[in-house]
Number of protein chains: 2
Amino acid sequence: MTPEPSSHTAPDVRPRVGIVGAGQLARMGWQAAISLDLELLCLGAPGEAATGAGAPLLEGSGRDPAALTELADRCDVLTFEHELVDLDALARLEARGALVRPSAAVLALAVDKLHQRRTLAAMDGISVPAFAPVATLAELEAFAREHGWPVVLKARSGGYDGRGVWMCADAGAADAAMREGHDAGLELYVEQAIDLVAELAVLVARSPSGEVEVYPPVETFQVDGMCRCVVMPGRIPEPVTRQAVALAHKLAEQLGLEGLMAIELFLAAGERLLVNELALRTHNTGHLHTEASGTSQFEQHLRAVLDLPLGITTPLAKAAAMVNVVGPPDGSDPASRLQEALRVPGARVHLYGKSARAGRKLGHVTVCAETPEQALSLAREAADRLERHD
Amino acid sequence: MTPEPSSHTAPDVRPRVGIVGAGQLARMGWQAAISLDLELLCLGAPGEAATGAGAPLLEGSGRDPAALTELADRCDVLTFEHELVDLDALARLEARGALVRPSAAVLALAVDKLHQRRTLAAMDGISVPAFAPVATLAELEAFAREHGWPVVLKARSGGYDGRGVWMCADAGAADAAMREGHDAGLELYVEQAIDLVAELAVLVARSPSGEVEVYPPVETFQVDGMCRCVVMPGRIPEPVTRQAVALAHKLAEQLGLEGLMAIELFLAAGERLLVNELALRTHNTGHLHTEASGTSQFEQHLRAVLDLPLGITTPLAKAAAMVNVVGPPDGSDPASRLQEALRVPGARVHLYGKSARAGRKLGHVTVCAETPEQALSLAREAADRLERHD
């Protein structure tokens with residue numbers, strides 16, 4: 001190995017992807033971009049997770065039209081790691097020929113969850129929980145009389161990881177939640193609470209050429225609305241798996257998806273699948289594919305938005321599990337306990353380089369194993385060691 | 001996903017590894033460092049492969065004592081991606097307390113291959129091909145009379161990928177090779193040419209605490225002295241595999257290795273294993289472990305030099321193959337044919353971001369599959385598509 005200076009090849013062979021956001025999803029996207037030698041430019045703030053990994057940064061916000069325009073000018077295609085964007089500005093960029101993938105119209109589904117619900121409810125063969133926009137407690141109580149308590153109150157925009165979602169057992173709880181929401185200036189809607197058999201997620205990529213690849217569905221476990229564990233294969237009956245894969249195909253095609261989409265699903269009694277939520281980007285429920293499947297979601301996302309051939313989604317491992325690493329209540333930094341976590345055999349640790357704060361997602365651990373139980377137990381052990389402060 | 005500004009944690013929990021070199025091995029080391037959120041500082045030139053991936057760079061050469069001193073001052077531990085170093089300077093840094101892993105004494109084995117041969121020959125239970133230093137054609141001819149033609153003439157230092165190695169069928173060829181070597185100012189030694197059944201390689205990591213992990217041996221295929229393909233599992237009889245693993249353990253322990261070492265082996269008739277060459281760093285023959293085994297060699301290297309627990313080396317895939325992507329004779333850039341290569345199912349493409357030049361290693365492709373033949377055939381197909389200029 002001689003250290004030979006080298007320079008990059010002609011720009012025409014290295015398209016640049018502009019990614020709105022510079023958090024951990026962009027950071028892992030950058031790792032994938034390095035392998036294929038693709039150029040990335042992240043729109044975000046200095047010090048965010050992707051910048052610590054050396055990803056090139058354009059300082060700015062996805063809500064600032066000028067920043068989006070500059071990103072579009074400097075890149076061949078725009079894509080997203082979050083939904084905090086100015087959709088009108090994106091639509092204007094599209095109108096003047098910029099490649100925005102997914103399109104502003106599709107991304108709108110992730111920006112406005114009531115719009116998402118309405119769109120999905122209008123599609124043939126797609127089930128969603130009953131829902132209704134609500135502005136007053138009386139409207140909410142009317143909904144609850146029809147569908148029963150508890151109900152779920154949700155913010156149309158801006159919620160994630162359990163924020164902007166209130167499970168309301170009765171009118172008292174609903175009243176408090178509505179006040180909280182209105183005080184924060186949020187528009188709200190209400191949903192029927194589903195009696196869950198399990199929660200599932202399925203990732204699908206579609207390229208502008210129309211190629212579609214669906215990942216094997218995974219089972220997800222939430223705590224306080226935040227994804228904590230993901231297991232593959234989950235305890236999902238085979239017909240439900242087939243149904244989830246077919247649904248992902250159908251949604252990707254009917255929406256004209258360009259890029260990657262995560263579909264969170266509720267499994268209710270009678271093997272009934274309802275769409276909980278769409279994310280128009282790489283997603284926490286897909287992290288385990290980096291080690292467990294033929295193509296990481298981060299590489300797949302880049303391939304899809306660049307209209308490159310999609311990668312295979314076949315599982316490489318018999319079973320895999322991912323557990324998030326969340327900042328512990330004492331505010332201590334899980335990174336300081338890396339050594340203990342690495343003692344867990346097979347633990348693939350990912351730390352995002354974010355400053356520690358209680359309740360903040362700071363990393364994840366994936367384990368591939370012979371059985372889902374074994375994978376989950378080892379991944380949990382490693383995540384526990386990172387979170388535990390003795 | 002909200003873009004939240006974050007800053008890195010206290011320096012004490014993020015040790016910084018100084019790596020001498022900034023080529024593709026450092027680039028892939030940087031990808032591994034991102035996952036564990038470790039700090040890296042590469043010593044090399046702007047534009048080298050690692051810098052294109054955003055790895056922090058200290059401009060300078062491993063042969064410059066001042067550069068090595070600055071690297072040691074700015075890092076917690078020094079390690080290497082190549083052997084073009086000033087060993088005396090490294091020994092002086094060690095003497096004043098710097099952590100150099102592997103140590104200058106062990107790294108000397110990679111810097112001076114005659115010293116390596118002598119050291120290995122003196123070890124119990126290690127076989128190497130017969131060898132002798134040669135300064136004149138008469139000395140070489142005397143060696144050939146004893147061991148037979150052909151013989152292999154080698155440069156003590158500076159050779160790699162087939163450079164500094166001459167296969168000599170007779171005295172005429174040896175004379176020409178010696179002149180070439182002496183004209184280049186090289187010190188030479190001669191070796192017996194081994195009648196090969198196969199070539200193997202085995203990777204071993206040892207941490208300063210004494211933990212040792214050996215990767216499954218792989219079969220390697222060279223063309224013109226450059227590694228072209230690696231297959232796991234190779235066509236290696238089980239007793240030979242056990243012998244190779246035991247040998248790797250023994251060498252790592254007897255040498256007091258700190259870090260990662262690749263051992264290239266000759267398999268001769270009668271299941272006889274001879275050590276061809278040691279590399280005291282990550283190695284081309286270990287690239288496939290990134291996708292095919294429990295821990296990539298790049299992460300293992302970082303874990304070893306930081307004295308973190310070593311990762312498992314269990315294969316994840318039934319079979320895997322890696323094929324190098326080499327610049328084609330017409331000088332065209334394989335990156336311009338990425339799209340065609342990504343159509344090969346399961347091809348994991350790695351491009352190093354180096355400028356294309358005929359014969360230069362520019363990337364590699366790994367494929368995991370059910371059988372070694374299937375993996376090799378697909379990896380070859382993808383590499384061929386990258387190299388082929390229609």
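The values are calculated or read from the model by the stated rules, or taken from the named source; none is laboratory data. These numbers come from a predicted model, not from an experiment. All Cβ positions, even for glycine, are placed from backbone atoms using ideal geometry, and neighbour counts span all protein chains on display.
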### Query
Within the set of pairs 6+ apart or on separate chains, which have a first residue in region B:228-249 that is surrounded by 16 or more Cβ atoms within 10 Å (Cβ to Cβ), a second that is of a type in the set (Lys, Arg), and C-beta atoms under 8 Å apart?
B:Cys229/B:Arg380
### Query
Can you find even one residue in region A:257-267 that is part of a helix (DSSP H, G or I) and over 14 Å from the mean Cα position of the chain (by Cα)?
no
### Task
Name the residue, out of B:Ala304, B:Ala252, B:Ala292, that is more than 25 Å from A:Ala32 (Cα to Cα) and among the small types (Gly, Ala, Ser).
B:Ala252
### Query
Do you know which residues across region B:49-82 are touching a Lys or Arg at 6+ places or on another chain (Cβ under 8 Å) and of a type outside the set (A, V, I, L, M)?
B:Gly52, B:Pro65, B:Arg74, B:Cys75, B:Asp76, B:Thr79, B:Phe80, B:Glu81, B:His82
### Summary
With criteria (1) surrounded by fewer than 24 Cβ atoms within 10 Å (Cβ to Cβ); (2) more than 8 Å from chain A (Cβ to nearest Cβ); (3) under 15 Å from B:Leu302 (Cβ atoms), B:Met28 comes up short on (1)
### Query
Of (1) at pLDDT 95 or above; (2) surrounded by fewer than 21 Cβ atoms within 10 Å (Cβ to Cβ), A:Leu68 satisfies all except one. Which?
(2)
### Task
Can you tell me which residue among A:Ala130, A:Ala110, A:Ala142, A:Ala155 is out of contact with any strand residue (DSSP E or B) (no Cβ under 7 Å at 6 or more places or on another chain) and aliphatic (A, V, I, L, M)?
A:Ala142
#### Entry: Condition met for A:Gly185 (more than 30 Å from A:His289 (Cβ to Cβ), modelled with pLDDT under 95 and surrounded by 20 or more Cβ atoms within 10 Å (Cβ to Cβ))
no
## Note on the structure
Selection over region B:161-182 where residues are assigned to a loop (DSSP other than H, G, I, E, B) and either surrounded by fewer than 17 Cβ atoms within 10 Å (Cβ to Cβ) or modelled with pLDDT of 90 or more (or both) yields a count of 4
### Task
Taking only region A:7-25 into account, find how many residues are surrounded by 24 or more Cβ atoms within 10 Å (Cβ to Cβ) and either part of a helix (DSSP H, G or I) or modelled with pLDDT under 95 (or both).
2
### Message
When you scan region A:287-304, do you find a residue that is among the hydrophobic types (A, V, I, L, M, F, W, C), assigned to a helix (DSSP H, G or I) and facing chain B (nearest Cβ under 10 Å), even just one?
### Response
yes
### Query
Does A:Leu186 satisfy being among the hydrophobic types (A, V, I, L, M, F, W, C) and within 30 Å of A:Leu310 (Cβ to Cβ)?
no
### Query
Hey, any hits in region B:91-101 for a residue that's β-branched (Val, Ile, Thr) and buried (at least 19 other Cβ atoms within 10 Å of the Cβ)?
yes
### Task
Please enumerate the residues belonging to region B:209-222 that are of a type outside the set (A, V, I, L, M, F, W, C) and either in contact with a strand residue (DSSP E or B) (Cβ under 9 Å, 6 or more places away or on another chain) or closer than 12 Å to B:Glu253 by Cβ (or both).
B:Gly210, B:Glu211, B:Glu213, B:Tyr215, B:Pro216, B:Pro217, B:Glu219, B:Thr220, B:Gln222
### Message
Quick check on region A:81-95. Is at least one of its residues within 19 Å of A:Leu302 (Cβ to Cβ), out of contact with any helix residue (DSSP H, G or I) (no Cβ under 9 Å at 6 or more places or on another chain) and away from chain B (no Cβ under 13 Å)?
### Response
no
## Note on the structure
Looking across region B:361-370 at residues that are in contact with a Leu (Cβ under 6 Å, 6 or more places away or on another chain) and more than 9 Å from chain A (Cβ to nearest Cβ), the single one that is surrounded by the fewest Cβ atoms within 10 Å (Cβ to Cβ) is B:Thr366
### Task
Kindly indicate which of B:Val204, B:Val197 is touching a Leu at 6+ places or on another chain (Cβ under 9 Å), buried (at least 21 other Cβ atoms within 10 Å of the Cβ) and β-branched (Val, Ile, Thr).
B:Val204
## Note on the structure
Scanning region A:313-360 for residues that are part of a strand (DSSP E or B) and either at the interface with another protein chain (Cβ under 9 Å from one of its Cβ atoms) or modelled with pLDDT under 95 (or both), the one farthest from A:Gly29 (Cα to Cα) turns out to be A:Pro315
### Query
Quick one: would you say B:Thr282 is of a type outside the set (Gly, Ala, Ser), within 29 Å of A:Ser336 (Cα to Cα) and more than 9 Å from chain A (Cβ to nearest Cβ)?
yes
### Message
For the structure I just gave you, tell me whether B:Ala317 is surrounded by 21 or more Cβ atoms within 10 Å (Cβ to Cβ) and not β-branched (Val, Ile, Thr).
### Response
no
### Message
Based on this model, can you work out whether B:Leu87 counts as touching a strand residue (DSSP E or B) at 6+ places or on another chain (Cβ under 7 Å) and modelled with pLDDT of 95 or more?
### Response
no
### Summary
Subset of region A:116-157, residues in a loop (DSSP other than H, G, I, E, B), farther than 16 Å from A:Ala173 by Cβ and among the hydrophobic types (A, V, I, L, M, F, W, C), comes to A:Ala122, A:Met123, A:Ile126, A:Val128, A:Ala130, A:Ala135
